[in-house]
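Some notes on the structure that comes next.
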Amino acid sequence: MANNPTSSTEPTQDRLTAYLDGELSAEEGRALEQQLAKDDALRTQMQELDRIWNALDELPHPTVGDQFAKSTIEMATVEAEREVAATMAMPVYRRPMGRLVGMLALAAAAGFLLITSMINLPDRLLIRHLPVVLRADGLQQITHEGEDSVSFLRQLAEQTPLLLATVDADELQAQLVDWQQVDRDDTESRRSWVAALSGNKKARLIDAARRYRSLTDQRRKAMQQTHQQITASDDAEPLMQTALAYEAWLATQTASDQARLRQLPAEKRLAELTKIERQLQKQNRTQLSPEDAARLRQAMKAAAESDAVRKFVQSLSKQIEQNTRIRGAAERMAERFSRSPAQIILLLAQQASKGQNSKFRLLPREAVEALQSQASKVWESIEPELITALDTQSAERLRRLNDEKTRRLYLGKLIIAAARDAFESTDLEEFFASDLLSNDDRHRLLAMPPDEMKRSLRAIYLKQELGIEDFDDRRGGWQGRRDGRSDFGPADRDRDRDRGGTRDRSQRQRNPGENGVGRRGQREARSEESAPGRRRGPQ
Amino acid sequence: MLRVRDDDAAAFEDLMLRYQNRVVAVLTHLVGRRDMAEDLAQDVFLRIYRARHRYVPGAKFSTYLFTVTNNVGLNAIRGLSRRKEVNVAAAPGETGANAIQDNATEASALMPTRQADQAELRIAVQEAIGTLNERQRSAVLLAKFEGLGYAEIAEVLDMTPQAVKSLLSRARGKLKEVLQPYLDHGAKIEI
């Protein structure tokens with residue numbers, strides 16, 4: 001049957017093939033069908049062709065694994081990144097304008113491809129180095145050529161416990177568990193672990209993976225080695241905890257600070273970190289437990305009601321009455337002191353140190369000296385009681401401070417900490433509304449976000465009215481150095497801003513107002529006297 | 001593809017997932033080497049990705065994709081021919097380099113008769129495909145596997161639809177020559 005004469009005629013076979021492929025026109029199809037109906041041999045030939053064609057169904061249909069799309073996307077990612085790099089490396093005038101427009105989209109696409117590839121089909125390399133990728137940021141910070149990272153971590157744990165304790169302990173524990181787990185896991189379990197991550201965690205891992213990829217092979221190997229050394233140590237777990245805490249602390253620092261620390265040799269880095277630790281220790285001295293705060297408030301109340309303090313308040317009232325002739329000023333002051341015992345205590349501490357206070361600006365020198373001398377004695381009588389109210393450790397620490405001024409400063413900070421609520425509410429509100437604050441300052445404060453405004457207002461108030469440098473343990477972390485040098489941490493910037501506010505004011509205050517009274521004096525008088533017309537300058 | 005052109009990365013992944021097995025299948029039979037097909041397919045997708053900004057809508061994407069696939073496949077065949085790693089136009093019984101075929105042959109010894117017949121048929125078909133020239137093979141694979149019409153195949157192979165028609169006709173004739181005895185013989189065994 002294969003030798004049917006019609007089969008050898010190529011045009012016929014073409015037509016049959018086209019017919020079978022559905023490529024004949026309707027007319028040609030009908031014509032062929034008519035022919036087929038009459039011609040058995042032709043029909044057989046067509047059936048044979050069809051059978052042969054159907055036999056091709058036997059050809060295997062290979063399929064690819066998940067890894068295929070993954071690795072292809074990876075390669076495309078690399079290509080896209082190269083494209084971005086190449087285009088960006090071109091001199092500006094050579095960059096094709098149309099492509100420049102698409103550059104951001106391209107970079108985003110490269111990133112997205114990586115994300116897609118990571119999320120859907122974890123990369124073999126990344127999975128293999130998952131424990132390192134997971135902690136890439138931290139490992140990078142402690143991996144240095146020719147340095148012993150493990151020894152650095154041990155010293156860090158020993159020398160900077162407070163710095164390492166600034167991290168949320170629960171979060172740290174969770175990170176430790178994850179790190180240990182992926183370190184133990186085999187490839188499959190690591191894949192499942194990645195797949196089970198929440199969106200945020202996955203995004204963070206992808207970010208870390210991208211940063212890890214951007215490193216040189218040598219650097220990556222060094223980091224792998226660090227990881228290996230840490231996990232192979234007898235004290236692997238404490239080392240891992242230290243590394244995690246250090247990484248978390250670094251994350252609160254600016255990128256440039258991180259870079260600066262990273263570039264320092266281990267010894268200098270440790271020195272820098274212990275400096276920060278000392279700052280934290282200092283700040284820690286002014287931290288109070290709720291129980292301590294309650295006891296201190298109780299002691300302040302008792303002290304404020306003591307005869308010695310009452311007598312001092314009477315003397316002060318008398319001087320103000322006599323020297324300013326502002327009616328009711330003394331009563332208002334006494335009322336304020338009874339409402340917030342911390343204020344009179346702080347005033348005593350301040351005057352015992354012969355500090356400046358706006359309340360005393362209106363008084364003659366002799367009166368101020370007399371009051372300060374009285375304040376010194378009163379302070380000496382109440383200070384031990386206040387210190388005794390503190391827990392043993394804080395009390396001991398304060399007692400050890402031989403310098404009276406420093407001791408008063410620290411105790412003052414503790415007093416503010418204990419009486420914070422009073423400062424936050426009524427006094428600050430009053431201060432804000434009073435003429436003690438210039439309109440410029442008020443506008444500047446009003447332009448700030450609420451939290452920042454409160455902080456700045458409080459700083460100005462404490463500095464100006466109570467002679468205490470602001471500190472705020474709720475800002476988190478530790479504050480900058482007192483010498484004003486640049487330091488780590490965002491708290492410093494706030495502090496600078498606060499200082500800026502105070503500086504501006506002191507400059508303005510240098511300009512004497514009418515009758516030789518400084519504007520500060522005018523404001524003080526207005527605040528003490530509700531009828532502004534009756535204010536008077538110093539005698 | 002327009003989304004891929006505009007750097008929509010998710011679209012590229014969609015595209016890959018949709019076409020990867022088809023491209024690998026075509027390349028496997030075009031080159032005759034399953035072990036090379038994945039690498040070649042990867043090359044195909046990367047070329048598509050690289051050229052995404054030059055993609056002009058109008059042509060059907062599958063046509064474009066298989067044009068690239070065909071070019072990549074043919075280049076590979078030429079490379080292999082130069083290195084004499086395989087004899088692409090091998091006569092029946094000489095395509096021993098095919099891994100699938102080897103597996104099938106080995107396996108067939110252990111299979112029941114019916115399955116053995118099936119496996120032998122598969123080998124025969126693969127050998128038959130191997131006897132076609134490159135163009136014929138491409139056209140057959142695109143028509144059979146991808147269901148492309150003559151016009152589309154013509155575009156992929158850069159020839160006229162009429163030429164595709166006779167190309168496919170000749171290819172079928174050749175397949176028939178190789179497979180007919182086997183099929184006839186197989187039919188006799190079944191009876």
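The values are calculated or read from the model by the stated rules, or taken from the named source; none is laboratory data. The structure displayed is predicted, hence computed values, not measured ones. Glycine gets a Cβ as well: all are built from the backbone with ideal geometry, and neighbour counts include every protein chain shown.
Listing for the model above:
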quantity	calculated
Residue check, A:Ala41 of a type in the set (A, V, I, L, M, F, W, C), surrounded by fewer than 16 Cβ atoms within 10 Å (Cβ to Cβ) and not in a loop (DSSP other than H, G, I, E, B)	yes
Number of the condition not met by A:Leu273 [criteria: (1) among the aliphatic types (A, V, I, L, M); (2) within 36 Å of the chain's Cα centre (by Cα); (3) modelled with pLDDT under 85]	(3)
A:Ser340 being more than 22 Å from A:Glu291 (Cα to Cα) and either of a type in the set (Ser, Thr, Tyr) or at pLDDT below 80 (or both)	no
Test: residue in the range A:302-313 that is at pLDDT below 80 and hydrophobic (A, V, I, L, M, F, W, C)	no
Those residues of the range B:117-165 which are in contact with a Gly (Cβ under 8 Å, 6 or more places away or on another chain) and among the hydroxyl-bearing types (Ser, Thr, Tyr), in sequence order	B:Ser138
Meets criteria (under 19 Å from A:Lys221 (Cα atoms) and surrounded by 15 or more Cβ atoms within 10 Å (Cβ to Cβ)) for A:Leu139	yes
Selection from the range A:24-74 of residues that are touching a Ser or Thr at 6+ places or on another chain (Cβ under 6 Å) and within 14 Å of chain B (Cβ to nearest Cβ)	A:Gln45, A:Pro62, A:Lys70, A:Ile73, A:Glu74
Which numbered condition A:Ser340 misses (of (1) under 23 Å from A:Arg297 (Cβ atoms); (2) among the hydroxyl-bearing types (Ser, Thr, Tyr); (3) loosely packed, with under 14 Cβ neighbours inside 10 Å)	(3)
